[in-house]
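Below you'll find the structure, written out as structure tokens, and then a few comments.
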């Protein structure tokens, strides 16, 4: 098997090394992004319910600690909202939006590089095909149409094109998969941001209403 792979690479010509290098970079980036995005997905409902319970019990420090200990962009967005708890609705919404804007480039980082690799790979394969065809024409003129050499360069041309297309297909699938994960996380960020904004706003209104009732009770004549 190893001999077949080595022969396959050698028959593909020098462009094969460039294609292998590009594919290795794409594979490494895909694994790194897949692990990063997987770590960013958490149990959204459970996390948000935990934050609500802690805030309701006035355990704000513990709520912030939970956000810090929870990985991913959702926790950071919620933490930003909690840091502005007690301020106006507009201020909390602005903090959530700012935190989300910061998280978006982190989520999309390096995914564009995978898409670029998917576009470049077939071009490299086509370049290898052109080089092989030109070499075949030159050799055929020099040695009076040696069929063995012609077959060798024809194989080189086909191998580089096939390899470039294979890398492009895998890169496109990888990019589509990662982009789907990013969209899912962005949807979760939007939902969590809306939910925490509504909760903090309504909770603040309830606290002010309770304080007003307590103040009114204190000034009632005995």
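Per this entry, residue 174 is not counted among residues that are surrounded by fewer than 12 Cβ atoms within 10 Å (Cβ to Cβ) and at pLDDT 85 or above. Within the stretch 116-140, the set of residues being under 26 Å from the mean Cα position of the chain (by Cα) and surrounded by fewer than 18 Cβ atoms within 10 Å (Cβ to Cβ) comprises 116, 119, 123.
Among the residues of the stretch 94-108, those that are closer than 18 Å to residue 40 by Cβ and surrounded by 14 or more Cβ atoms within 10 Å (Cβ to Cβ) comprise 96, 99, 100, 103, 104, 107, 108.
The values are calculated or read from the model by the stated rules, or taken from the named source; none is laboratory data. Remember, it's a predicted structure, so these values are computed and weren't measured experimentally. Note that we place each Cβ from the backbone using ideal geometry, even for glycine, and neighbour counts take in every protein chain shown.
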